[in-house]
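Student: This is the structure I want to talk about, given as structure tokens.
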Ligand SMILES: [Fe+2]
């Protein structure tokens, strides 16, 4: 797909509006996801990009509905939003299915044998670890 990263970045920014913390997090996860993906020839880069940028969209409805969010709520609410956003840019249907499965599984033991799921988990862990440091490095 042409301009995948630019198109999904726009979806991300429009969705999170002025929640710059979430936008920043997604961008950093994307950076690491792309670096990790270099090691995996079989990775579908469009799926890697979509998962990195949209993996936490479930945070917004969870916080609106419950006043907080956690991994389980992100997994529950994220996939449907990602689907709607990706359909709006004509992202391939079979890739949307994979992105939804990955977003719905990114905070729990892997139920799918997808390299893109492992890439997202690794990149997310790097960024979250960096955020736990006094001076974030990533
Ligand atoms: Fe994340």
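Bear in mind these aren't lab numbers, they're just calculated from the coordinates by the rules spelled out. If you're wondering where the values come from, they're calculated on a predicted model, not measured in any experiment. Quick reminder, even Gly has a Cβ in these numbers, built from the backbone with ideal geometry, and neighbours come from all protein chains shown.
Student: Please report, to one decimal in angstroms, the Kirkwood hydrodynamic radius of the chain built from all distinct Cα-Cα pairs.
Tutor: When all Cα pairs of the chain are included, the Kirkwood radius is 14.8 Å.
Student: For a footprinting-style exposure proxy, rank 45, 30 by other Cβ within 10 Å, fewest first.
Tutor: Placing the least packed residue first, the sequence is 45, 30.
Student: Now a separate question. Rounded to the nearest Å, what's the spacing between the alpha carbon centres of region 81-138 and region 1-30? Just the number, please.
Tutor: Answer, in whole Å: 13.
Student: Quick one: if the Förster radius is 25 Å, what FRET efficiency do residue 64 and residue 88 give, using the C-beta to C-beta distance and rounding to 0.05?
Tutor: For R0 = 25 Å, the calculated efficiency reads 0.75.
Student: Classify region 63-117: rounded, prolate or oblate, from the alpha-carbon gyration tensor (a ≥ b ≥ c, eigenvalue square roots; a/c under 1.5 rounded; otherwise prolate if a/b is larger than b/c)?
Tutor: Judged from the Cα gyration tensor, region 63-117 comes out oblate (a/c at least 1.5, b/c at or above a/b).
Student: What is the distance, in nm, between label points placed 7 Å from the Cα along the Cα-to-Cβ direction at residue 20 and at residue 133?
Tutor: Here the modelled spin labels are 2.2 nm apart.
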